[in-house]
């Protein structure tokens, strides 16, 4: 699956996203969610993820344990494929339109 020139089936893309999130942003990414947080996104915290290509996210890794469960027991690659490559390093709910962006 490709979006904006990124191939989300490619492990290099997943590792690049993980690396950028850890080095530059808040050690995680935001992904859209329909029936979760009122602002329309969940925060995936990378703090306790050792191997981003293999480790699956637990409830405590998603929105400080307050996620709706949609992304539990999935790897980052599986989550990004599920969201059709939609993610953000930082979220400003006034500027992101998940349907358009």
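Every read-out reported here was derived from the displayed coordinates using simple, explicitly stated rules and does not represent laboratory data. Remember, predicted model here, so these are calculated numbers, not experimental data. Don't worry about glycine lacking a Cβ; one is built from the backbone with ideal geometry, like all the others, and counts go over all protein chains shown.
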| Those residues of the range 1-26 whose amide nitrogen sits under 20 Å from the label point placed on residue 78, 7 Å along Cα→Cβ | 1-2, 8-18
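Pairs of alpha-carbon atoms within less than 8 angstrom and 6+ residues apart define the contacts here; what relative contact order does the chain have, in percent?
Values: 148 pairs, mean separation 29.2, N = 101.
In percent, rounded to a whole number, it is 29.
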